[in-house]
Amino acid sequence: MGKLFDPFREDMARIKRELEKLHGCKIHVGIMGDAGSDILTIAGVHEYGATIRAHDKKLTIPLDREAKGKSPSEFNDLDWIPGRNPGVSFLARKKKRRAKNKKSEGLSPSSDYNPDDYTWMYMLVDSVTIPERSFIRASYDNGKKDLENCCKEAIDGIISERWTAEQAVNFIGDWALEMTRNYFNTQLAPPKSDITQRTSNSYQPLYDETGRIFKSITFYPEWGSGS
């Protein structure tokens, strides 16, 4: 007696196998790195907000593009100028010639100094509060319904298009990654402060010339032991 070939049963076995494998997978989306790495620390500060306090010395905030990425010790022509508010002071360069229409928004030197006579290089403060700008949790909350539909499409792919669980996971991961990056690029708030904007080429919060945080957003699958 010949063996009866049952394509329906074989396909059902395939679907069950791939769906069980998909069910056992967790998809991680965000900033990946080892615990304690600087990129995870930076991302966590922006995701949840933080107050950074000085211990021995003042925190140094660059106010001029030339000062960004440099230590005040690299300059030999900086004058210390007290601020109007307690705990705030400045390091500035005396201008050789008085400049006209030079903006000095956000600066509060003591009344003994004319802001237009200086190039303001650094602000010295006791602490800095970085506001919460969630881009992982907020992107998920904002796109949760669309992400659910994406997962349904992945399941349909396994059933109707003969996708493997790996293909379904990559489909979901790529979609979630794009969702998070789009949120990062378009919806982050609050905007950069006037002080931060003085040394930045972009108005987009968290985005600097390197784009390091944005480029670090990725995803990876964590398969179950039975996968």
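Just a yes or no: is a residue in region 110-133 loosely packed, with under 13 Cβ neighbours inside 10 Å, under 29 Å from the mean Cα position of the chain (by Cα) and modelled with pLDDT of 95 or more?
No; the residues of region 110-133 include none that is loosely packed, with under 13 Cβ neighbours inside 10 Å, under 29 Å from the mean Cα position of the chain (by Cα) and modelled with pLDDT of 95 or more.
Within region 13-41, restricting attention to residues that are in a helix (DSSP H, G or I) and more than 21 Å from Cys151 (Cβ to Cβ), which residue is modelled with the highest pLDDT?
Step by step, filter region 13-41, then rank; the result is Ala13.
Could you grab me the full set of residues in region 42-64 that are modelled with pLDDT under 90 and not aliphatic (A, V, I, L, M)?
Answer for region 42-64, where residues must be modelled with pLDDT under 90 and not aliphatic (A, V, I, L, M): His55, Asp56, Lys57.
Test each condition in (1) free of Cβ contacts under 8 Å to residues at least 24 places away in the same chain; (2) under 21 Å from Glu132 (Cα atoms); (3) in contact with a helix residue (DSSP H, G or I) (Cβ under 7 Å, 6 or more places away or on another chain) for Ser216 and report the one that comes out false.
Of everything listed in (1) free of Cβ contacts under 8 Å to residues at least 24 places away in the same chain; (2) under 21 Å from Glu132 (Cα atoms); (3) in contact with a helix residue (DSSP H, G or I) (Cβ under 7 Å, 6 or more places away or on another chain), Ser216 misses just condition (1).
If we keep just the residues of region 15-65 that are of a type in the set (A, V, I, L, M) and free of Cβ contacts under 8 Å to residues at least 40 places away in the same chain, which is surrounded by the most Cβ atoms within 10 Å (Cβ to Cβ)?
So, considering only residues that are of a type in the set (A, V, I, L, M) and free of Cβ contacts under 8 Å to residues at least 40 places away in the same chain, the one surrounded by the most Cβ atoms within 10 Å (Cβ to Cβ) is Leu40.
Looking only at region 66-84, which residues are modelled with pLDDT of 90 or more and either surrounded by fewer than 13 Cβ atoms within 10 Å (Cβ to Cβ) or aliphatic (A, V, I, L, M) (or both)?
Hits for region 66-84 are Ala67, Ser71, Ser73, Glu74, Asn76, Asp77, Leu78, Asp79, Trp80, Ile81.
In the list Ile61, Ile42, which residue meets the criterion of being β-branched (Val, Ile, Thr) and not assigned by TED's automatic domain parsing to the domain that holds Leu124?
The conditions single out Ile42.
Just give me the residues in region 172-213 being modelled with pLDDT of 85 or more, surrounded by fewer than 17 Cβ atoms within 10 Å (Cβ to Cβ) and among the aromatic types (Phe, Trp, Tyr), in sequence order.
Once the filter is applied, which keeps residues that are modelled with pLDDT of 85 or more, surrounded by fewer than 17 Cβ atoms within 10 Å (Cβ to Cβ) and among the aromatic types (Phe, Trp, Tyr), region 172-213 yields nothing.
Anything in region 167-213 that is assigned to a helix (DSSP H, G or I), farther than 19 Å from Ile31 by Cβ and not small (Gly, Ala, Ser)? List them, or say none.
Matches in region 167-213: Gln167, Val169, Asn170, Phe171, Asp194, Ile195, Thr196, Gln197.
The values are calculated or read from the model by the stated rules, or taken from the named source; none is laboratory data. These figures come from a predicted structure and were not determined experimentally. We place every Cβ from the backbone using ideal geometry, glycine too, and count neighbours over all the protein chains shown.
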